[in-house]
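A quick write-up on the structure given underneath.
No lab work stands behind these numbers, since they all come straight from the coordinates. As the structure is a prediction and not an experimental result, all values here were calculated from the model. FYI the Cβ positions are ideal-geometry reconstructions off the backbone, even for glycines, and counts take in every protein chain you see.
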Amino acid sequence: MSTPVSKSDPPKSDSVPPPRAQAPVKPGAKIIGTGHYTPERVVSNVELEKTVDTSDAWITERTGIKERRIAAKGELTSDMAAEAARRALASAGITADQLDMIIVGTISGDMPMPSCAAFVQQKIGAKHCPSFDLSAACAGFIYGLSIADKFVRTGAARYVLVIGVELLSRILNWEDRTTCVLFGDGAGAVVVGPTTEEEANAGRGILATHIFTDGALAPALLIPGGGSREPFSAEVLEKKRHLVHMAGQDVFKAAVRYLASASRAALASVGLDAKELDWVVAHQANIRILEAVSNRLEIPMSRFYVNIHKYGNTSSASIPIALDEALAEGKIQEGQTVLMCALGAGISWGSALIRW
Ligand code: ACO
């Protein structure tokens with residue numbers, strides 16, 4: 001039986017809740033699991049020299065790429081995506097039926113309709129959760145992460161699977177040396193889930209995402225034929241207009257400018273200085289683009305995670321592949337800040353800032 005406390009009794013020190021320095025931060029969103037998959041077949045620059053008018057020296061010097069992975073005959077975009085997804089789910093410690101949403105950033109899905117996400121959902125055994133593709137080319141993963149962050153943060157979803165996947169080798173013109181040497185196939189995935197109140201109070205999780213598009217630059221990088229503007233025809237086939245066309249230097253200039261500005265937007269929105277960043281996991285398009293962004297932001301290249309030499313440009317898959325590898329190598333530690341930025345066809349670009 002408890003003793004009644006008179007109003008005149010002094011309060012016992014342990015019965016008074018400690019004053020809160022500030023109101024608790026609303027739980028946010030964080031990446032709770034990562035995974036990636038790349039096809040087995042490695043195609044080196046030297047091997048490409050046999051079929052394309054190029055050289056290992058040119059590709060290495062202009063891009064930093066030494067080799068790329070090419071999907072096996074019969075291997076599908078949704079196969080690669082599903083494998084990366086299974087690995088991300090295992091790392092998150094959740095099962096596919098716990099997913100509330102699947103977002104697949106891709107411009108090289110199995111077929112124009114239905115979405116690649118629908119096939120992925122079926123392959124991993126996630127039932128009935130909304131699943132859709134997102135067309136933002138190389139920026140597809142950052143766009144997907146931004147959407148997942150909003151759904152989880154508002155409580156509309158608990159677990160969102162975000163995949164970046166491309167099977168570009170089947171939509172490249174292998175006679176066009178200005179494009180075919182740059183790209184590779186692969187998939188990366190993350191699971192986004194809620195932060196605990198403790199993590200939110202410690203400022204951990206996804207701190208900011210920013211996404212942009214400038215449609216005036218669309219002609220710089222596109223697949224002009226095979227859509228409703230130029231329906232598939234013998235002429236489209238003959239002129240190879242169903243394959244990737246690119247004005248490389250226009251894309252290069254836009255990439256340097258906008259990757260830097262999107263990164264600055266991310267840092268400014270949370271009051272962080274570039275010097276305080278631990279890691280930059282940027283879209284792996286070209287080592288010279290990364291070096292130029294490093295110069296502009298005054299962040300040394302030693303803080304950029306780079307794996308372009310192994311995979312080439314895997315478009316929307318490049319950031320989640322790099323992130324998964326950086327984590328597996330123990331590079332990214334709890335409490336560290338990680339900046340991500342990507343740019344691709346659209347022109348669409350964006351950034352994400354995370355405290356791990
Ligand atoms: N092998 C050998 N020579 C080549 C090759 C090749 N694969 N490709 C082009 N060349 C030649 C050109 O014909 C040209 O020859 P010329 O001087 O006799 O006319 C010469 O090399 C120089 O060509 P440039 O186009 O000026 O080379 P540049 O230094 O601009 O590099 C590149 C080209 C690598 C495509 C560069 O512009 C680039 O990386 N752009 C960004 C594109 C990109 O990353 N796109 C991916 C999608 S978007 C994204 O991920 C950001």
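Take the convex hull of the alpha carbons in the range 199-356; its mean projected area over all directions comes to 10.6 nm².
Ranked highest first by the average count of other Cβ atoms within 10 Å around their residues, in what order do 139-148, 89-98 fall? List each step's numbers first, then the result.
On the way: 139-148: 28.7, 89-98: 16.7.
The packing order, highest mean first, is 139-148, 89-98.
The modelled label-to-label distance for the pair Val270/Ser44, using points 7 Å beyond Cα in the direction of Cβ, is 4.1 nm. Among DSSP beta bridges whose residues both lie in the chain, state the antiparallel percentage, nearest 5. Approximately 70 percent, going by the DSSP bridge assignments. Counting only aspartates and glutamates at least 8 places from Lys127 when in the same chain, those with an alpha carbon closer than 18 Å to its own are Asp79, Glu83, Asp97, Asp100.
As a rough guide to protection, the peptides 70-81, 28-39, 51-62 ranked by mean Cβ packing within 10 Å, highest first, stand as 28-39, 70-81, 51-62.
Summing +1 for each Lys or Arg and -1 for each Asp or Glu, what net charge is found among the other residues whose Cβ lies under 12 Å from the Cβ of Trp356? Before the final figure, lay out the partial values.
Details: positive: Lys30, Arg204, Lys331, Arg355; negative: Glu199, Asp278, Glu334.
Local charge sum for Trp356: +1.
The alpha carbons of the range 312-353 give a radius of gyration and a Dmax of 11.8, 34 Å, in that order. When you count the other C-beta atoms within 10 angstrom of each residue and take the mean per peptide, 130-136, 268-274, 188-194 line up highest first as 188-194, 130-136, 268-274.
Label separation (Lys26 vs Trp174): 5.2 nm, computed from points 7 Å beyond Cα along the C-beta direction.
Using only alpha carbons, build the gyration tensor for the range 29-200 and give me the equivalent ellipsoid semi-axes, biggest first, whole Å. Write out the running numbers ahead of the final one.
Details: eigenvalues 215, 54, 36 Å².
Here the semi-axes work out to 33, 16, 13 Å.
As a test of understanding, state the convex hull volume per residue of the chain from its alpha carbons, in Å³.
Numbers: hull volume 61.1 nm³, N = 356.
Each residue corresponds to 172 Å³ of Cα convex hull volume.
Here the gap between Glu334 and Glu198, fully extended at 0.36 nm per residue and compared with their Cα-Cα distance, gives a gain of 47.6 nm. Helix content alone sets the calculated 222 nm mean residue ellipticity of the chain: runs of n ≥ 4 DSSP H residues at -39500 (n - 2.57) each, divided across all residues, give -9000 deg cm²/dmol. Below 29 Å, Cα to Cα, which lysines can Lys275 reach? Residues fewer than 8 away in the same chain don't count. Hits, sequence-local ones excluded: Lys26, Lys30, Lys150, Lys253, Lys310, Lys331.
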